Amino acid sequence: MSVRTTYATGEPCWADLQTPDVAAAKDFYAGLFGWTFQDFPTPDGRSYAQAFVRGQLVATIAPQSPLQLQAGTDAAWNIYFATADAGDVLADARHAGGTAEFGPEQVGDAGVLGFLAPPGGGTTGIWQAGSHFGSHLFNEPGALAWAELFTPEPHAAVGFFQQLFGHEVTEYPQDDGGTYSTLLVAGNEVAGIIPADADDDAGWQVYFGVADVAAAAAAATAAGGQVLVEPDGDSAEGALATVMDPQGGVLNLIQIAA
């Protein structure tokens, strides 16, 4: 187990779930990943839960806002990119053709939070570390492993993230004539950008690692979720599946070496 202690600017560093039912989500993800939890109060009298793998912090399950609850919004995972200065990144987002959606907001001594979106959409969290730098594990079973943005404006999105974070980019031509782009930090691929149809909404797909993708898909079903995309073929490193928790939160699973 390799424990992380920092993330470079432009690396995905954290993921959290906003859900209408924190207690039910805890039950589901405990069954899926074996997560354990520590609960903390929110200012409005509710609670959120930090999730742990073998004692290492990997995610948060938080209650939705009152507006989200009133609208009946499904649970959703958020992805956050590390930054040294959330305020500067939010200001630069406007000049890069995107939008600054929220923040910067100081979150106690934990850090500074913001949300922005590239051209074409796709709400993206940014995180300026204080006492909390991100997931203590990465690319390991039960922890964040990858993220992909589906967007109808992939080229504009690539340029946006390059301008904000200085990402290098690798392009992979696809059989359908499109291109799968990866964002790189210090030569390492950290996230993907995938073309979507013009009428599709942009959004991030979050991937968590599992030791056995077929077993994890079965565990998701047993815990009350649904398997939206079954593992294809024999389970092997890199095999994928997509699951949905009982509150509508969609999560991708990728098999990695334990």
Calculated Rg and Dmax of the Cα atoms in Å (choose from (1) 18.4, 55; (2) 17.5, 52; (3) 16.7, 53), label: (2)
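Given a cut-off of under 8 Å on Cα pairs at least six residues apart, what relative contact order in percent is computed for the chain?
Numbers: 652 pairs, mean separation 51.4, N = 258.
Contact order relative to length: 20 percent.
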log10 of Debye I(q)/I(0), alpha-carbon scatterers only, for the range 112-258 at 0.14, 0.22 Å⁻¹: -0.78, -1.45
Percent antiparallel among DSSP beta bridges (both partners in the range 1-105, rounded to 5): 80 percent
Kyte-Doolittle at least 1.6, axis length at least 24 Å by Cα - qualifying DSSP helices, the chain: none
Under Karplus coefficients 6.51, -1.76 and 1.60, residue-wise ³J(HN,Hα) of the range 171-181 in Hz, glycine/proline x: 10, 10, x, 10, 4, 7, x, x, 9, 9, 9
DSSP bridge orientation in the chain - percent antiparallel, rounded to nearest 5: 75 percent
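Every number here is computed from the coordinates shown, using simple stated rules; none is lab data. Just so it is clear, the model here is predicted, and its values are computed rather than measured.
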